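This report refers to the structure that appears directly beneath it.
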Amino acid sequence: NVFVQSQKKLLYLYEVISELNRYEAPQKKKEADAKLNKLKQDFFNSLAEDFNTPKALSFVYLLAKSALVLSARKTKDDQALSDLLFIKENLLSFGQIMGFLRKEPTEFIEQMKTRILKDLPITEQEIEQLIKERNAAREAKDWAKSDAVRDQLLEHGIALQDNANETTWTVQGAV
């Protein structure tokens, strides 16, 4: 369903923004990486090409992917933090120009998860319980059980994301 796929893609962008909200401004702001500046310019060039929306959206998603790659790094120096700030500012700007990313990310993410979960064969309570079971298995170093729970959730369309202090979930296809 095209509508559901569009919802998942929008959810993905909001999740990236939510991830970027975790970072503070660098001690000393640096000029953004040249590749990021090129993505910004390519975005505006695509709009100048008779408002080429599909092409513009491709640059939005490349920028979002860059954010996830950068945020996955263990250490973040001033350059990385400057790049993350640049990405966040431009994702929000691009979204405003194109008419989306206008809501507060946490609120939007919860609304979308609730809406999408209605069409999935699993409830939020079941997801949370399985995450607890998986975390317990991970603490016990029972990797087979941990992987089995993750795979069970994936079968229901739920993808897990392990961060330093917590495990979060999203709808598969959104990330």
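Annotations
- As a ratio to 2.2 N^0.38 Å, the alpha-carbon radius of gyration computed for the chain takes the value 1.14.
- Spin-label proximity, GLN152 to region 100-129 - amide N less than 19 Å from point 7 Å beyond Cα toward beta carbon: 120-129
- A dipole drawn for the chain from +1 and -1 charges on Cβ atoms has a positive end, and of PHE100, TYR14, SER66 the residue lying farthest that way is SER66.
- Surface accessible to a 1.4 Å probe, GLU155 within the full protein complex, Å²: 150
- Compared with the dominant Cα axis of the chain, that is its longest principal axis, helix 34-48 is turned about 70°.
- Test item: Cα-centred dipole of region 17-64, Lys/Arg +1 and Asp/Glu -1 on Cβ, debye: 240
- Per residue value of the accessible surface for the chain (all protein chains in place, 1.4 Å probe), Å²: 60
- For LEU153, net neighbour charge (Lys/Arg +1, Asp/Glu -1) across residues whose Cβ lies under 10 Å away: -1
- Working note: 222 nm ellipticity from helices only, DSSP H runs with n ≥ 4, each -39,500 (n - 2.57), summed and divided by the residues of the chain, gives -22500 deg cm²/dmol to the nearest 500.
- Given +1 at the Cβ of Lys and Arg, -1 at the Cβ of Asp and Glu and no other charges, the dipole of the chain around its Cα centre is 380 debye to the nearest 20.
- Accessible surface of region 27-175, 1.4 Å probe: 50 percent of it comes from carbon and sulfur atoms.
The values are calculated or read from the model by the stated rules, or taken from the named source; none is laboratory data. These numbers were taken from a predicted model, which means no experiment stands behind them. Cβ sites come from the backbone with ideal geometry, for glycine too, and all protein chains shown count toward neighbours. All accessible areas refer to the heavy atoms of the entire protein, side chains included, with ligands and DNA or RNA removed. Shrake-Rupley method; radii C 1.70, N 1.55, O 1.52, S 1.80 Å.
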